[in-house]
Amino acid sequence: MPEFAVESRPAIAYVGLSVDVTMETLPERVEPAFAELESYLAAKGIAPVGPSILRYGRVMMSAPFTLQIGLVVDHQPWVDAPFVADRLPAGTYVVGRQDGPYATIGSLTERTMSWGDEQGVAYALEIGLEGDRGDGDTWDAWYEWYPAPPMLGDEGPEGPVEVCLLLRS
């Protein structure tokens, strides 16, 4: 059962790689990108110190968009393109947590957003041209936090995940 909360979170340094996806191709595109990122970090002698993340920027529900996959590091190192060293901003977030199949993360995200709406929060995002949340929204910080490596379950990869949505200050 998902849990929801409003939490203060610190800034988090990570090294990432941009991946072009659609909502349908996201699962199949992320795994090879993480393998590429892990290989690059090992070759550079950069040791991840924390969980993996998926960071969403401009999100498109019905068209391709780019997200960043990342691994938490202790500082922002110098990296070569196409890799990036960045930070998730410190701030107050709506957080939804579950421990289960990754196939249900879309539902967790929708429920987290709805829970936040019920609390009357204001997300740090720019609404797309349609005037409602949906295609083309640009988020200051929306990320999925994976505190443990996935295990293979009956429905594919599964494990704990947190959906984190930054609020306006």
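The values are calculated or read from the model by the stated rules, or taken from the named source; none is laboratory data. What you see is a predicted model, and the numbers here were worked out from it, not measured in a lab. All Cβ positions, glycine included, derive from the backbone under ideal geometry; neighbour counts span all protein chains shown.
Kindly provide the set of residues from region 63-86 that are among the small types (Gly, Ala, Ser), surrounded by fewer than 20 Cβ atoms within 10 Å (Cβ to Cβ) and under 21 Å from residue 165 (Cα atoms), ordered by number. Spell out the reasoning first.
Pass one, region 63-86, residues among the small types (Gly, Ala, Ser): 63, 70, 81, 85.
If we keep only those that are surrounded by fewer than 20 Cβ atoms within 10 Å (Cβ to Cβ) too, we end up with 63, 81, 85.
Correct list: 85 only.
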Original post:
Can you find a residue in region 120-136 that is surrounded by fewer than 13 Cβ atoms within 10 Å (Cβ to Cβ), within 26 Å of residue 32 (Cα to Cα) and modelled with pLDDT under 95?
Top reply: no
Subject >> Enumeration of residues in region 49-75 that are out of contact with any Asp or Glu (no Cβ under 6 Å at 6 or more places or on another chain) and within 21 Å of residue 158 (Cα to Cα) >> reply: 50, 51, 52, 53, 55, 56, 67, 68, 69, 70, 71, 72
Original post:
Just one of the numbered conditions (1) within 17 Å of residue 9 (Cβ to Cβ); (2) part of a strand (DSSP E or B) is not true of residue 157; which one?
Top reply: (1)
Subject >> Neighbours by Cβ (under 6 Å, 6+ apart or cross-chain): first from region 4-27, under 27 Å from residue 63 (Cα atoms); second of a type in the set (D, E, K, R) and not in a strand (DSSP E or B) >> reply: 19/29; 21/29
**OP:** Hey, can you tell me all the residues within region 62-83 that are at pLDDT 95 or above, under 18 Å from the mean Cα position of the chain (by Cα) and not aromatic (Phe, Trp, Tyr)?
**Re:** 68, 69, 70, 71, 72, 73
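Quick check on residue 102: is it touching an Asp or Glu at 6+ places or on another chain (Cβ under 8 Å), buried (at least 17 other Cβ atoms within 10 Å of the Cβ), touching a residue at least 24 places away in the same chain (Cβ under 8 Å) and under 30 Å from residue 43 (Cα atoms)?
Working: touching an Asp or Glu at 6+ places or on another chain (Cβ under 8 Å): yes; buried (at least 17 other Cβ atoms within 10 Å of the Cβ): yes; touching a residue at least 24 places away in the same chain (Cβ under 8 Å): yes; under 30 Å from residue 43 (Cα atoms): yes.
Judged against the criteria, residue 102 is a match.
Residue-wise test of (1) among the small types (Gly, Ala, Ser); (2) within 21 Å of residue 27 (Cβ to Cβ).
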| position | (1), (2) |
| --- | --- |
| 50 | yes, no |
| 55 | no, yes |
| 60 | no, yes |
| 65 | no, yes |
| 68 | no, yes |
| 78 | no, no |
| 90 | yes, no |
| 94 | no, no |
